[in-house]
Amino acid sequence: MSDGLQGDEFTAATCYKSRSGQMFFGGTNGFNAFYPNEVRDKSYIPPVLITDFQIFSQSVRPGAESVLTAPITETERIRLSNSHDVFSFEFASLHYASPGKNQYAYMMEGFDKDWIHSGTRRFATYTNLDPGEYVFRARGSNSDGIWNEAGTALRLTILPAWWETPWFRAMLLLLGVSGVFGAFRWRIRAVHRQNQQLEVLVNERTGALRKSERNLSRAYAIAGLGSFHHNLLTQDFIWSRELCQIAWLGNREQKLSLDEVRELVHPDDFIRIKEAFRKAEKDGGYAALDIRLTRPDGEMRYIHEKFEVISDENGKATEIFGTVQDISTRKQAEQELRQAKEAAEVANQAKSTFLANEP
């Protein structure tokens with residue numbers, strides 16, 4: 001047996017003590033003799049060494065392409081790549097009296113939270129450790145349980161995969177920022193191009209609108225037509241250029257107040273406009289009538305006015321849109337015709353009287 005005994009079994013009543021105090025015990029394989037006062041615990045503190053290093057259960061030997069540049073017993077640091085994800089350490093307590101009774105404990109600083117007591121098992125295996133810095137520690141005892149508390153230690157560096165390295169993450173960040181910046185610039189250019197296209201389109205539409213307005217203005221001018229807008233909430237009037245020309249107000253569109261309009265419209269006709277507005281608001285929104293515009297010097301112009309009353313969703317009138325036509329020439333012609341008829345009637349009456357009195 002490794003501890004010096006003849007065996008695990010002793011025979012009953014096969015013991016003897018000599019005159020010198022030596023004790024004898026017999027068993028199946030012989031006997032053991034000792035002096036009781038000479039029995040001592042082994043106080044020797046054994047050194048602890050790491051005796052082997054394995055990757056994927058294969059012992060690693062020093063070499064140019066190896067992770068070891070010296071024997072494992074002389075190595076203080078090991079650098080592993082992320083592909084070395086299964087590795088083992090073997091360690092030993094150098095006490096040979098009864099090596100099978102030596103006890104062991106180990107821990108991986110940075111991974112294990114406390115010492116792992118493995119009994120007589122003297123190896124440790126680790127798998128899939130994260131990249132980082134670690135320290136593997138092992139300690140052992142002799143066969144009587146006297147521990148080497150200092151034990152042994154080996155530093156371990158596990159390198160990250162290339163996609164986990166700071167430079168790769170920095171590159172990804174740079175690419176991400178560049179991508180966002182590129183997308184932003186592309187978007188800015190796209191918006192700029194779209195704005196240019198919209199500007200061209202708006203200019204084209206604005207040009208077409210202005211041309212239409214000029215054509216409409218010419219048509220209004222030829223036809224003697226003008227237009228107006230009356231905001232019933234603010235009591236403001238917008239008179240078109242043509243209407244302003246008819247009303248002696250110049251050659252441009254103008255904004256007029258209710259009092260300014262009242263000064264231009266004949267008082268009798270202003271009352272008729274109010275009556276026409278009430279009727280249009282009640283019957284359907286449209287009205288038409290002839291009115292007179294007057295100047296302080298007595299000059300007068302006749303216009304034919306058509307307008308529509310616009311109401312909100314509650315039926316309240318809010319706006320009036322209308323057109324006007326200068327009918328002064330027609331009115332003058334009608335008046336001249338009427339005067340000619342009256343003169344003809346007077347002449348006919350005079351003729352009839354003359355003929356009646358002729359002898």
- Item | Test for residue 210: is it under 30 Å from residue 304 (Cβ atoms) and either modelled with pLDDT of 90 or more or not assigned by TED's automatic domain parsing to the domain that holds residue 242 (or both) | yes
- Task: Report yes if residue 320 is outside any strand (DSSP E or B) and either in the same structural domain as residue 230 (by TED's automatic domain parsing) or surrounded by 12 or more Cβ atoms within 10 Å (Cβ to Cβ) (or both), otherwise no.
- Result: no
- Message: Take residue 281 and tell me if it is over 60 Å from the mean Cα position of the chain (by Cα), farther than 21 Å from residue 239 by Cα and acidic (Asp, Glu).
- Response: no
- Quickly run through the stretch 138-147 and pick out the residues that are part of a strand (DSSP E or B) and touching a His at 6+ places or on another chain (Cβ under 9 Å). 140, 141
- Item | Search result, residues across the stretch 221-279 that are buried (at least 18 other Cβ atoms within 10 Å of the Cβ) and small (Gly, Ala, Ser) | 224, 226, 227, 240, 247, 276
- Taking the stretch 67-100 and keeping residues exposed (fewer than 14 other Cβ atoms within 10 Å of the Cβ) and more than 49 Å from the chain's Cα centre (by Cα) leaves 69, 70, 71, 73, 74, 76, 96, 100
- For the stretch 231-304, please list each of the strands (runs of 3 or more DSSP E) lying entirely inside it that holds at least 1 residues being within 23 Å of residue 214 (Cα to Cα). 236-239, 254-257
- Query: If you take the residues in the stretch 148-157 that are touching a residue at least 40 places away in the same chain (Cβ under 8 Å), of a type outside the set (Ser, Thr, Tyr) and not in a loop (DSSP other than H, G, I, E, B), which one is nearest to residue 106 (Cα to Cα)?
  - Reply: 154
- Hits in the stretch 280-305 - residues which are surrounded by 14 or more Cβ atoms within 10 Å (Cβ to Cβ) and of a type in the set (D, E, K, R): 281, 290, 292, 301, 305
- When you look at residue 102, is it touching a strand residue (DSSP E or B) at 6+ places or on another chain (Cβ under 9 Å), farther than 25 Å from residue 57 by Cβ and assigned by TED's automatic domain parsing to the domain that holds residue 55, yes or no? no
- Checked the stretch 92-137 for anything of a type in the set (D, E, K, R) and in a loop (DSSP other than H, G, I, E, B); matches are 112, 113, 114, 121, 122, 130
- Taking into account only those residues within the stretch 56-66 that are of a type in the set (A, V, I, L, M, F, W, C) and modelled with pLDDT of 90 or more, which is surrounded by the fewest Cβ atoms within 10 Å (Cβ to Cβ)? 56
- Message: Given the condition surrounded by 14 or more Cβ atoms within 10 Å (Cβ to Cβ), in a strand (DSSP E or B), at pLDDT below 95 and in contact with a Cys (Cβ under 9 Å, 6 or more places away or on another chain), answer yes or no: does some residue in the stretch 32-55 qualify?
- Response: no
- Counting only residues that are charged (D, E, K, R) and over 17 Å from residue 90 (Cα atoms), which one in the stretch 113-166 is surrounded by the most Cβ atoms within 10 Å (Cβ to Cβ)? 144
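The values are calculated or read from the model by the stated rules, or taken from the named source; none is laboratory data. Please read these numbers as outputs of a predicted model, since none were measured by experiment. All Cβ positions, even for glycine, are placed from backbone atoms using ideal geometry, and neighbour counts span all protein chains on display.
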